[in-house]
Number of protein chains: 4
Amino acid sequence: MADKVFLVIGAGAGIGGHAAARFAQGGYHAVLARRSDEEGLAKLVAQIEDAGGKASGTLLDASADGTIEELVERTESDIGPIEAVLYNLGAQIGNRDLANTPHRTFELGWRLGCYGLFRLAHALTPRMVERGSGTILVTSATAAVRGNAGQHSHAAAMGGRRMLCQTLKAEFGPQGVHVAHVVVDGSVDAPDTLGKLLGDRFEEYKASKGEDGVIDPAALAETYWHLAHQPKNCWTHEIDVRPFSDVAWWNDNPDPKIRT
Amino acid sequence: MADKVFLVIGAGAGIGGHAAARFAQGGYHAVLARRSDEEGLAKLVAQIEDAGGKASGTLLDASADGTIEELVERTESDIGPIEAVLYNLGAQIGNRDLANTPHRTFELGWRLGCYGLFRLAHALTPRMVERGSGTILVTSATAAVRGNAGQHSHAAAMGGRRMLCQTLKAEFGPQGVHVAHVVVDGSVDAPDTLGKLLGDRFEEYKASKGEDGVIDPAALAETYWHLAHQPKNCWTHEIDVRPFSDVAWWNDNPDPKIRT
Amino acid sequence: MADKVFLVIGAGAGIGGHAAARFAQGGYHAVLARRSDEEGLAKLVAQIEDAGGKASGTLLDASADGTIEELVERTESDIGPIEAVLYNLGAQIGNRDLANTPHRTFELGWRLGCYGLFRLAHALTPRMVERGSGTILVTSATAAVRGNAGQHSHAAAMGGRRMLCQTLKAEFGPQGVHVAHVVVDGSVDAPDTLGKLLGDRFEEYKASKGEDGVIDPAALAETYWHLAHQPKNCWTHEIDVRPFSDVAWWNDNPDPKIRT
Amino acid sequence: MADKVFLVIGAGAGIGGHAAARFAQGGYHAVLARRSDEEGLAKLVAQIEDAGGKASGTLLDASADGTIEELVERTESDIGPIEAVLYNLGAQIGNRDLANTPHRTFELGWRLGCYGLFRLAHALTPRMVERGSGTILVTSATAAVRGNAGQHSHAAAMGGRRMLCQTLKAEFGPQGVHVAHVVVDGSVDAPDTLGKLLGDRFEEYKASKGEDGVIDPAALAETYWHLAHQPKNCWTHEIDVRPFSDVAWWNDNPDPKIRT
């Protein structure tokens, strides 16, 4: 009999990897897709298997036409129905003024941040609708709700993504598909993204935030698990998370310094 | 040794009662406060105790000065530290045009919907700050984020309440107090509120919404439990819930017709 | 024949006074109401008259029951129909933590920031509805849309006020009454409010903001005039204003320092 | 001496044409760009000239790379500095479910709704920054702030556009460039867009809305003029407009029935 699948698009060692581990622990076969680093991917799969879970890994260039579509089809035929998916691709490239945001960068931001989710929904929702159930979790950022200086590419992509989540929810919610948009308003202890962005300063940065000052992706994974298992009569569409000590995005921020 | 307490202000047979039951099941001593119906209150307490939990009930006129304050003090001295509280008082009075919204009604809406939470925070946050932990859950409504026709009293109270939740979070979050504002965007299977409002039509109304078409307060209680137990590095401040089949508040409702 | 009246509730030398002058210049009889400073009030009235306009001044304790109501009645019987009104009362008391926000302060914030507008609408909308026209302008603040630390009283009052503006618009818009909520997201060159709050530092502060770095209330008055004269087919309900050089409230703020 | 230019991208007989006429009346040389209908374009130009204004027309495929860029350059060298521009391209294609929203449609929506504004800003902001002044007006829709069913393409494009407006404002506001995002929440009396969408039913539809029930683009043009001429110390970034009789997008529409 086929396994129920939890698919992660954008499965680094941070949010994606921890979500995969959490859902595998809960009985899903986790399928981890990421653009590069086959070794890192294999390690995440091995960790899940060592913990007694089921997992598969695949490299994926999500920005290329047909790739997400093929992955959905292959996963459903080879492993089992995708009961839940986490769209975890970011489009953050740091702060760049407009002159230093080339047209290709802006378009790539949209391809990863917005269009990829549209393509995923196109490929996956007919299957979920036929089954009458499914969950689409979307990791998002404050760039989806406000546009900071230097964030032209990221904010335009994320703003489109949030509206797309709402139109998907409006169409597919009543057909049994749960779409949840999660604004992650704080730094995440994610070695493959923030870690690479900060490099040597990563540990120092985390230390400067103090205990519990950076989001533990394992904690966020529990919230993803909760969202994916809310009964149909009580679904969340929008939620935010941040460390207790962080100033929320809508408040005056004492001193932003680094903020990724 | 003292029990850790989960206090519910506004503990009817719907959201409040189910939240109390859920937290009691998780090891809290549930303290249920409501304005009237001593019999109904005793029944809720008995149900929790029958299930092996600890609970106490008290009648409370939350709109009267000193009452919430006294309850906080009495609970902490007689039972134990209030680790989590659910402010569950509504101020919904149905749709009334302005001419039929007397000044006293508008003020009472504010006293229950906004001022009571301020008073609760005044009484409770010093204790939570001293302990370095605590959770304040607030049941809210779409009236906190948009003002519909006929909702003068309710929306003004809830809009103030939401902003108060943000200022409380801004001040007390960094001191270890988790404030969460929950927009309940849908009907709840709550006999003491919606049930009384609809009377004979309540069952018919629920049936018209279909299976899972009305929020089960037990399901919502699970989300409250989840929120109250997120690790400090990953706290949610704002979240919404609704049945899968409901149109979200921000969408065109029932019959959009043409709208270009 | 009776004059058409522009009533200002909260008519200091800043926003209220300049709005009164602008509407008087446009042919309205400006009625200026403020809590205190009879001399300052007389000066504003004299300036309008010296410029060829019509104006009257009155002292008003807006927080006391019956006062706004009496002013509306007296104005309509003695001077003429109130075609437009500016509700310009603030409730800003500077940043205070919860422990230093007494219950009376919080209630007074609500009385001035929210309840007063409700009372004004109660007294005035029946007249405007009968005439099939009227404009209610409301000066607001970012505290209506987000709650900063230390703003418990102000934000709760303004959040309620914004929702009330929406419910008023929902009920009275179709009856010909234009309600507009104006988020003033920046410092205003207002000697009677910001000036008194900053005292000796006021000029230094304005200088630090540079040319056009502080809102000129005469400029804002032009926007109020525009809003009040939009044709019925194209009404604005929500609008924001700020100096060109200010960071918008939703963005990371480099260095807040003073921010009143 | 060169004329100061008001450029309209998306200049049909509705909003774009009326804005061009208003700015021409105020002394600007209006440059009208639209995709097709050379005859209709010539008529708009002639109307402006007949009224004593200056105007030029050009056909433009805004979705093609280089076109907006070339127009900006040509306009500035042949006519004069673009002091104000109205980005008036829509991406509304009516309601279509996801299965009937092809990938090409979704991408085209983004190209017109979001990417074109990015390209315009890239071409124009360096010139405006050098001059220390300029205004970018953006016609928008409720799809920028909420995603209705069937609006996948439109909402994703508009949501990105709104965030882009915020990032542009954040970077270029302090350099003297005024960016204003205008949510048009109602039907516009626009023969080239809504008129074509409704065809024979257009007049009937307008009649059904009653007097002043549809936005007169000439009225909206006055608001655009006002926005473009606010002093630097008092700039609006976000504003909405709708007919007095329309339910705002955030309210329960036509038939709320019971909703408690």
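Of everything in region A:225-241 that's in a loop (DSSP other than H, G, I, E, B), out of contact with any Cys (no Cβ under 8 Å at 6 or more places or on another chain) and not polar (S, T, N, Q), which residue is farthest from the other protein chains (Cβ to nearest Cβ)?
It comes out as A:His229.
Say whether the condition of being open to solvent by 20 Å² or more (accessible area, probe 1.4 Å) and farther than 23 Å from C:Asn251 by Cα is met by at least one residue in region A:235-245. Can you show your working first?
As a first pass, look at region A:235-245 and keep what is open to solvent by 20 Å² or more (accessible area, probe 1.4 Å): A:235, A:238, A:244-245.
Within this subset, residues satisfying the condition of being farther than 23 Å from C:Asn251 by Cα are A:235.
So far as region A:235-245 goes, yes, one or more of its residues are open to solvent by 20 Å² or more (accessible area, probe 1.4 Å) and farther than 23 Å from C:Asn251 by Cα.
Quick check on this structure: which one of D:Glu222, D:Glu130 is more than 9 Å from chain A (Cβ to nearest Cβ), without any contact (Cβ under 8 Å) to a residue 24 or more places away in the chain and acidic (Asp, Glu)?
The conditions single out D:Glu130.
Among (1) open to solvent by less than 10 Å² (accessible area, probe 1.4 Å); (2) within 12 Å of chain D (Cβ to nearest Cβ); (3) closer than 27 Å to D:Tyr115 by Cα, there is one condition A:Ala180 misses while meeting the rest; what is its number?
Among (1) open to solvent by less than 10 Å² (accessible area, probe 1.4 Å); (2) within 12 Å of chain D (Cβ to nearest Cβ); (3) closer than 27 Å to D:Tyr115 by Cα, A:Ala180 violates only (2).
Would you check which residues across region A:81-122 are within 27 Å of A:Gly173 (Cβ to Cβ) and either more than 17 Å from the chain's Cα centre (by Cα) or among the aromatic types (Phe, Trp, Tyr) (or both) and list them?
Correct list: A:Pro81, A:Tyr87, A:Trp110, A:Tyr115, A:Phe118, A:His122.
Does region C:64-71 include one or more residues that are open to solvent by less than 60 Å² (accessible area, probe 1.4 Å), hydrophobic (A, V, I, L, M, F, W, C), in contact (Cβ under 8 Å) with a residue 24 or more places away in the chain and touching a Lys or Arg at 6+ places or on another chain (Cβ under 7 Å)?
Scanning region C:64-71 turns up at least one residue that is open to solvent by less than 60 Å² (accessible area, probe 1.4 Å), hydrophobic (A, V, I, L, M, F, W, C), in contact (Cβ under 8 Å) with a residue 24 or more places away in the chain and touching a Lys or Arg at 6+ places or on another chain (Cβ under 7 Å).
Confirm whether B:Phe172 is more than 14 Å from the chain's Cα centre (by Cα) and at pLDDT below 95.
For B:Phe172, the condition - more than 14 Å from the chain's Cα centre (by Cα) and at pLDDT below 95 - is not met.
Of the residues that sit in region A:125-135 and are among the hydroxyl-bearing types (Ser, Thr, Tyr) and not in a helix (DSSP H, G or I), which one is surrounded by the most Cβ atoms within 10 Å (Cβ to Cβ)?
Within region A:125-135, the match that is surrounded by the most Cβ atoms within 10 Å (Cβ to Cβ) is A:Thr135.
Give the residue, chosen from C:Asp200, C:Asp216, C:Asp212, that is out of contact with any Lys or Arg (no Cβ under 6 Å at 6 or more places or on another chain), facing chain D (nearest Cβ under 7 Å) and acidic (Asp, Glu).
On the way: C:Asp200 fails: facing chain D (nearest Cβ under 7 Å); C:Asp212 fails: out of contact with any Lys or Arg (no Cβ under 6 Å at 6 or more places or on another chain).
Answer to the selection: C:Asp216.
Out of everything in region D:136-170 that is part of a strand (DSSP E or B) and open to solvent by 10 Å² or more (accessible area, probe 1.4 Å), what residue ends up being farthest from the other protein chains (Cβ to nearest Cβ)?
D:Thr139
Of the residues D:Asp189, D:Asp185, which single one is within 25 Å of D:Pro217 (Cβ to Cβ), more than 12 Å from chain A (Cβ to nearest Cβ) and open to solvent by 10 Å² or more (accessible area, probe 1.4 Å)? Spell out the reasoning first.
Numbers: D:Asp185 fails: open to solvent by 10 Å² or more (accessible area, probe 1.4 Å).
Of the residues listed, the single one that is within 25 Å of D:Pro217 (Cβ to Cβ), more than 12 Å from chain A (Cβ to nearest Cβ) and open to solvent by 10 Å² or more (accessible area, probe 1.4 Å) is D:Asp189.
Of all residues in region B:227-251 being touching a residue at least 40 places away in the same chain (Cβ under 8 Å) and among the small types (Gly, Ala, Ser), which is nearest to B:Phe6 (Cα to Cα)?
Within region B:227-251, the match that is nearest to B:Phe6 (Cα to Cα) is B:Ala228.
Quick check: is even one residue across region A:106-124 of a type outside the set (Ser, Thr, Tyr), without any contact (Cβ under 8 Å) to a residue 12 or more places away in the chain, open to solvent by less than 20 Å² (accessible area, probe 1.4 Å) and assigned to a helix (DSSP H, G or I)? First the steps, then the outcome.
Keep residues of region A:106-124 that are of a type outside the set (Ser, Thr, Tyr), which gives A:106-114, A:116-124.
From the residues that got through so far, the ones that are without any contact (Cβ under 8 Å) to a residue 12 or more places away in the chain too are A:107.
Subset that is open to solvent by less than 20 Å² (accessible area, probe 1.4 Å): none.
Scanning region A:106-124 turns up no residue that is of a type outside the set (Ser, Thr, Tyr), without any contact (Cβ under 8 Å) to a residue 12 or more places away in the chain, open to solvent by less than 20 Å² (accessible area, probe 1.4 Å) and assigned to a helix (DSSP H, G or I).
What's the total number of residues in region A:192-208 that are small (Gly, Ala, Ser) and either exposed (fewer than 11 other Cβ atoms within 10 Å of the Cβ) or not in a helix (DSSP H, G or I) (or both)?
Matching residues across region A:192-208 total 1.
When you scan region D:247-255, do you find a residue that is open to solvent by 20 Å² or more (accessible area, probe 1.4 Å), of a type in the set (A, V, I, L, M) and under 21 Å from the mean Cα position of the chain (by Cα), even just one?
no
If D:Ile79 meets every condition in (1) within 18 Å of A:Trp110 (Cβ to Cβ); (2) touching a strand residue (DSSP E or B) at 6+ places or on another chain (Cβ under 6 Å); (3) open to solvent by 20 Å² or more (accessible area, probe 1.4 Å) apart from one, which number is that one?
Going through the list (1) within 18 Å of A:Trp110 (Cβ to Cβ); (2) touching a strand residue (DSSP E or B) at 6+ places or on another chain (Cβ under 6 Å); (3) open to solvent by 20 Å² or more (accessible area, probe 1.4 Å), D:Ile79 breaks only (1).
Restricting attention to region B:72-105, which residues are among the polar types (S, T, N, Q) and either more than 21 Å from B:Ala20 (Cα to Cα) or touching a residue at least 24 places away in the same chain (Cβ under 8 Å) (or both)?
B:Thr75, B:Asn88, B:Gln92, B:Asn95, B:Asn100, B:Thr101, B:Thr105
Does at least one position in region B:63-80 carry a residue that is part of a strand (DSSP E or B) and over 30 Å from C:Ala170 (Cα atoms)?
No - not one qualifying residue is present in region B:63-80.
Being open to solvent by less than 40 Å² (accessible area, probe 1.4 Å), in contact (Cβ under 8 Å) with a residue 24 or more places away in the chain and closer than 19 Å to B:Ala218 by Cβ is the filter here; which residues of region B:32-58 pass it?
B:Leu32, B:Arg34, B:Gly40, B:Leu41, B:Leu44, B:Ile48, B:Gly53, B:Ala55
Residue under question is A:Leu86, and the condition is that it be at pLDDT 95 or above, open to solvent by less than 10 Å² (accessible area, probe 1.4 Å) and in a strand (DSSP E or B); does it hold? Full working, then the answer.
On the way: at pLDDT 95 or above: yes; open to solvent by less than 10 Å² (accessible area, probe 1.4 Å): yes; in a strand (DSSP E or B): yes.
Spelling it out, A:Leu86 is indeed at pLDDT 95 or above, open to solvent by less than 10 Å² (accessible area, probe 1.4 Å) and in a strand (DSSP E or B).
Among the numbered criteria (1) modelled with pLDDT of 95 or more; (2) open to solvent by less than 20 Å² (accessible area, probe 1.4 Å); (3) part of a loop (DSSP other than H, G, I, E, B); (4) touching a Leu at 6+ places or on another chain (Cβ under 8 Å), which single criterion is violated by D:Ala91?
(1)
Quickly run through region B:222-241 and pick out the residues that are under 13 Å from B:Gly173 (Cα atoms) and aromatic (Phe, Trp, Tyr).
Matches in region B:222-241: B:Trp235 only.
The values are calculated or read from the model by the stated rules, or taken from the named source; none is laboratory data. Remember, predicted model here, so these are calculated numbers, not experimental data. In this analysis, Cβ positions are derived from the backbone assuming ideal geometry, glycine residues included, and neighbour counts consider all displayed protein chains. When the accessible area is computed, the model is the full protein with side chains, heavy atoms only, and any ligands, DNA or RNA have been set aside. Shrake-Rupley method; radii C 1.70, N 1.55, O 1.52, S 1.80 Å.
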